[in-house]
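K.L.:
Dumping the structure here so I can ask a few things about it.
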Amino acid sequence: MLRHLLIALALVAPSAAPAQTCTLAFTIEVTQGVGFIRPGTQIPGSAEFVTSGQTFRQEGGTVAHYATGSMTLGDDISGRIWTLITTSRGSAADLTGVYAYDVEGLTFAGQVFDGPMALTLFGEPGTRPTTAPPITQAEWDDMSLRRSFTLHADADMLAGDVVDLTADCT
């Protein structure tokens, strides 16, 4: 009985991974606009974060990498980064996602776009050899199957395709 409990705890307990510092610069092309932000508009964004080295395994081989930092879009929209989500080597597309919450700076027609705000990059299954976040520019570039950005409100969403991304990670 104790052995089964220890195995179960090992499967769900946070584990350690090397900490990572990243600065991402990206551009989105809006596909679903909000108010005066129209489809086709290109908006620059950035994300700066440090992973804590703590990870948490989730369903389907997904791993959450706890992080702190900030993500911005344009001049006024920003939120706090809290996690990176990665998947690797499953039967579905590989994923690297950067997620922010407590978003501020966009309200339209009474809708507050307070998040989550997400930068999600997908690669063919097996693109990522592990669930560790990408480090090199080439590793970020490999996640090219689909690259999207979303910012949510209760009943609406600003969305776009990531058309350019530069990464500087250590």
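K.L.:
Can you divide the C-alpha Rg of the chain by 2.2 N^0.38 Å and report the result to two decimal places?
P.N.:
Cα Rg divided by the expected 2.2 N^0.38 Å: 1.09.
K.L.:
In Å², what does the accessible area per residue of segment 97-170 work out to with a 1.4 Å probe?
P.N.:
With the other protein chains kept in place, segment 97-170 gives 47 Å² per residue.
K.L.:
Okay, next question. At 222 nm, what value in deg cm²/dmol follows for the chain if DSSP H runs of at least 4 each add -39500 (n - 2.57) and the sum is divided by all its residues, to the nearest 500?
P.N.:
Helix-only estimate at 222 nm: -3000 deg cm²/dmol.
K.L.:
Okay, next question. Could you work out the percent of alpha carbon pairs in segment 26-125 separated by over 18 Å, rounded to a whole number?
P.N.:
53 percent
K.L.:
Relative to the first principal axis of the alpha-carbon coordinates of the chain, what is the inclination of helix 2-12, with its axis defined by its Cα atoms, in degrees from 0 to 90 and to the nearest 10?
P.N.:
With rounding to tens, the tilt is 20 degrees.
K.L.:
Residues with amide H under 5 Å of residue 128's amide H, sequence separation 5 or more or different chain, H placed in the peptide plane at 1.01 Å from N; which?
P.N.:
Hits under the 5 Å cutoff: 89.
K.L.:
Another question, then. With all protein chains present, how much of the accessible area of segment 53-153 (probe radius 1.4 Å) comes from carbon and sulfur, to the nearest whole percent?
P.N.:
Its accessible area is 52 percent carbon and sulfur atoms.
The values are calculated or read from the model by the stated rules, or taken from the named source; none is laboratory data. As the structure is a computational prediction, the values presented were derived from the model and not from experiment. Surface accessibility is based on the protein's heavy atoms, side chains included, excluding ligands, DNA and RNA. Shrake-Rupley method; radii C 1.70, N 1.55, O 1.52, S 1.80 Å.
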